[in-house]
Amino acid sequence: MFIEPIIRERSKGWIEVICGSMFSGKTEELIRRLKRARIAHLKVEIFKPVIDDRYHRENIVSHDENSIISTPVAHARNILLLAEDVEVVGIDEAQFFDESILEVCSILADKGIRVIVAGLDMDYTGKPFGQMPNLLAIADYITKLHAICMKCGNIAGYSYRKTADIGQVVVGEKDAYEARCRTCFHLDH
C-alpha cells in the first residue's frame, strides 16, 4: 500500500536585524524595507516601544523625517497580541524592549512571519545594549550600518553622549548624541 508523504509548507519566516550607532540610518532602512513589503502587497504591522516619542507619539520617524505609521507598545509580548494575520512585522528601537523580545521574534518567525528589527547595538558607553546582542545571535540576517564621525569624518560605529546624564536609557537626538569613530569615541571617554 502506497502512503503519500505529508508535504509541509516550508516556513517562510525569518528574523532580520538592522543595527548600528545613532545616526547610522537604522530606522531609515527599516522604513525602506517595510514600504517595499507593502508595495509587494504584504500585510505589515509595525511596532515601537512607548518610551520612544522623540519625533512622534505613534509613527516611527527617521532623523531624515521619513515616517511610517506604527503601534507603540509597553511590553514586547503585546506584539504577539497585535500581530495577527500578518506577513511582515517591523520593530524599531528594539534595545528598549524587555527580554521577552527574543521569544516574541522567534515565535513570529516560527509562524512564517518575516520579522525586521532595528536597534542600537551599543549604548553610550560602548557596551552591548539591552537585548540587541541576543537578537543578533538568533537573527537569520544582520545588517550593520555606520554613521560618519562628527569629529573627524571617518566611519562611526559609536553613539557618543554629549550630556552629563548617566542612565543607560536617555532618549535623545542631535542635542544629546553624536556619532563617533572608535578613536574619537575613546579619546573623550
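The values are calculated or read from the model by the stated rules, or taken from the named source; none is laboratory data. All figures in this text were calculated on a predicted structure; none of them were measured in a lab. Ideal geometry is used to build each Cβ from the backbone, glycine not excepted, and the neighbour counts take in all protein chains shown.
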Quiz item: Say we look at region 96-118 and pick out the residues that are part of a helix (DSSP H, G or I) and in contact with an Asp or Glu (Cβ under 8 Å, 6 or more places away or on another chain); which of these is modelled with the lowest pLDDT?
Solution: F96
Exercise. Output the residue which, of all residues in region 155-165 that are in a loop (DSSP other than H, G, I, E, B) and charged (D, E, K, R), is modelled with the highest pLDDT.
Key: K162
Quiz item: Any chance region 19-36 includes a residue that's modelled with pLDDT under 95, farther than 24 Å from V104 by Cα and more than 16 Å from the chain's Cα centre (by Cα)?
Solution: no
Quiz item: Would it be correct to say that T143 is among the polar types (S, T, N, Q), surrounded by fewer than 22 Cβ atoms within 10 Å (Cβ to Cβ), modelled with pLDDT of 95 or more and touching a strand residue (DSSP E or B) at 6+ places or on another chain (Cβ under 6 Å)?
Solution: yes
Practice problem: Can you tell me which residue among I39, I60, I68 is modelled with pLDDT of 85 or more and among the β-branched types (V, I, T)? | Solution: I39
Quiz item: Among the numbered criteria (1) under 30 Å from K43 (Cα atoms); (2) modelled with pLDDT of 95 or more, which single criterion is violated by P128?
Solution: (1)
Quiz item: For C152, all conditions in the list (1) in a loop (DSSP other than H, G, I, E, B); (2) at pLDDT 95 or above; (3) under 19 Å from E93 (Cβ atoms) hold save one; what is the number of the exception?
Solution: (3)
Quiz prompt | Enumeration of residues in region 101-135 that are farther than 30 Å from T163 by Cβ and of a type in the set (S, T, Y) | solution = S106
Exercise. Those residues that are touching a residue at least 24 places away in the same chain (Cβ under 8 Å), over 19 Å from S21 (Cβ atoms) and aliphatic (A, V, I, L, M), I need them from region 117-147; list them, please.
Key: I138
Quiz item: Residues of region 84-95 being among the hydrophobic types (A, V, I, L, M, F, W, C), in contact with a helix residue (DSSP H, G or I) (Cβ under 7 Å, 6 or more places away or on another chain) and not in a strand (DSSP E or B), which ones?
Solution: A94
